[in-house]
Every structure is written in structure tokens, then in C-alpha cells.
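Asker: Please see the structure below; I have some questions.
The values are calculated or read from the model by the stated rules, or taken from the named source; none is laboratory data. Everything numeric here is computed off the predicted structure, so don't read it as measured data. Glycine gets a Cβ as well: all are built from the backbone with ideal geometry, and neighbour counts include every protein chain shown. These accessible areas exclude ligands, DNA and RNA; they are computed on the full protein's heavy atoms, side chains included. Shrake-Rupley method; radii C 1.70, N 1.55, O 1.52, S 1.80 Å.
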Amino acid sequence: RQNHLIFIKYIDNGIKEVDRVTNLLNDFMLMGKPLEIPSNPLDMKNFMEELIPLIHAVLNGKEIEIFYNLSEVPAVEVDPGQLKQVILNLIRNAYEELADTGSIFISLKESETGQVEVSVRDTGHGIDEELKSKLFQPFYTTKATGTGLGLAASRAIIQNHGGELTAENHPDGGAVFKIKLPVKAFTANSENNIDVMIITDDNMLCIPAEKVLRAESIRTLVINNKNNAFFMLERYSPSVIVIDEALIVPEDINKIKSSHQSSKLILTGEQNNINHEDVHFMSKPLSYVKFIHLVKSLL
């Protein structure tokens, strides 16, 4: 019974969070001006995986299946809070389109034109042809209690990021909404386009470290999966790589050093079990004053 109550509380909190971000979308549109977009790259696969608990909270007891196809893609220059609002709004719309059963398909991939594409597809009735041209118009809605601002504000946010939000009927039935975001300044050919890459799944390490680095205007990318890290290292050229000792083995250090000879390495851990030349070690918990000093000395 206790687990059941915890589950109900979890669902209620999730629904309240979705309601909150939907209201924020409406506030954004009514404000009439875009928010400043951070210039830090965002690892989209990590971002989408972190949204999964909130996405499932939207179901609220319906027998709806959600399928994910999340590929590794280039990092993008985007405000994560605004993007979360848009994606949850699209998923809520898909949820409301379905009756008691159905499916929602969520995908993340790199498009043929090199953009990062997030799509949300449902197995509902699709979009009526006469409604397509009005779909993103402010204050237009087919819902009895809708404001008609959600999709209009969502498109405004994506356009503010230099991207596009489109809607169409899927050949297999239902509607599909696609977000396409440009990779912008972060390309594989740009040297040192990321100052620091942090590779760790320890939130007690990465969240404070990321904040103190960005407070010093140091462009930082956090990766919490080793496989994602090697993918991102192939695309970007960080000047400093901070690696959590718990996430790797000695062979990983050798691999990184051989393929990224110009990058400086900082290894963090409770004890230094990996000995390697030219690798700087810092014990955990970090002294962030010393951490910042070390990073700046290596940049």
C-alpha cells in the first residue's frame, strides 16, 4: 500500500509539473519577447533520457504505450528549460488526442541535412486538412478548455532558437510533430569549440562543477554516459577533459590521450587508482576553488 501511495504521489507531481510548464508556455507568448538563449552546448540524448519520468507521468492511467528511439546526435545551442516546455507540450497534446489506448513514438536523430530532430508521433486520428493552416495560429484551438497558445508559443520558442516546428500526418496513421534544431557554432571542424567536457554520472560532482565553470564563462558540456562521451569526443575538441575515475578503466585514459593529444585531462576520484603521465588528479569531494584554478591554468 505504501508503494502504491508513493506511485500515486509520483504521478500527481508529474502531472502538476506538466501543467506548470504548459502555463509557462502561455506566459512566454503573452510576454511578447524571447528569453536570452544560453550559449552552452546541450547533450540532447542525456536531455531526452532525463525527461522520461515526466513523460510517463503524463499518461495518468491511460493504457498508452510510449516507444523511444533516441540516437546519439551533435550537441545543440539551446535553452534546456524552454525546450523541455515545448517537448512536454507536444507529448501532452498527443496524450489528449488518444482515447484510452494508443501509442506515442518519440525519436531523436540527426536529420539528413545535419539538424538535430526530435519527433513526437501519436496513433490518433491525425490532422484534418482544413485545420493544418490554422494549427500554429495564436488563440486557435479545438479543445473546449484550451487557450490556443500552446502550439503557437512552442513554435515561437523553436524559431527563437533558429529551428523549426512542423506538423503533418504520418503515413501509418496519426500525426507527427517535428522539432528541428541547428547545430550552429558547435561543429567538428571548429578547434576548441568546447572549453571543458565533464564525463561523469555523479550529480554531486557534475552539477556544481558545471555551474562554477559556466559562472566563469567557460563553455562546458556534461556527459553522463561513457559511450556518449566517446561519441562526443569524436565531434568536439575540448581543451580540458574532466573524467570521473568511477566511470572509466585505465584503457579508456590511454584511448582518450592517444586520440586527443592536445586536450588536458583531469581525473577525479576518492582515490587515484589510475596512474598516468600528464593526468591531473583531484580527490572527491572537490574543492571548487582549486578546481577552477586548475582548469583556468590548463586552458
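Asker: Leaving out ligands, DNA and RNA, and with a 1.4 Å probe, what % of the accessible surface on the range 46-90 is carbon or sulfur?
Answerer: Carbon and sulfur: 46 percent of the exposed surface of the range 46-90.
Asker: Same structure again: State in Å² the accessible area per residue of the range 44-102; use a 1.4 Å probe, count heavy atoms of protein chains only, and round to the nearest integer.
Answerer: Here the residues of the range 44-102 average 39 Å² of exposed surface.
Asker: Now, a different point. How much length is gained on full extension from E96 to E63, taking 0.36 nm per residue of separation minus their Cα-Cα distance?
Answerer: 10.6 nm
Asker: Right, something else. Order 252-262, 222-232 from most to least packed using the mean count of other Cβ atoms within 10 Å. Walk me through the numbers on the way to the answer.
Answerer: On the way: 252-262: 13.7, 222-232: 19.3.
Highest-to-lowest ranking by the protection proxy: 222-232, 252-262.
Asker: Counting Lys +1, Arg +1, Asp -1, Glu -1, what net charge surrounds S103 among other residues with beta carbon under 13 Å of its beta carbon?
Answerer: Once all neighbours under 13 Å are counted, the net charge is -4.
Asker: So, one more: Can you give the extra length, in nm with one decimal, that the chain gains between E234 and H170 once fully stretched, where that is 0.36 nm per residue apart less the Cα-Cα distance?
Answerer: Values: separation 64, 0.36 × 64 = 23.04 nm, distance 3.41 nm.
Difference between extended and current length: 19.6 nm.
Asker: Using the Cα gyration tensor of the range 72-117, with a ≥ b ≥ c the square roots of its eigenvalues, what is the shape: rounded (a/c below 1.5), prolate (a/b larger than b/c) or oblate (neither)?
Answerer: Taking the square roots of the gyration eigenvalues as a ≥ b ≥ c, the range 72-117 is oblate.
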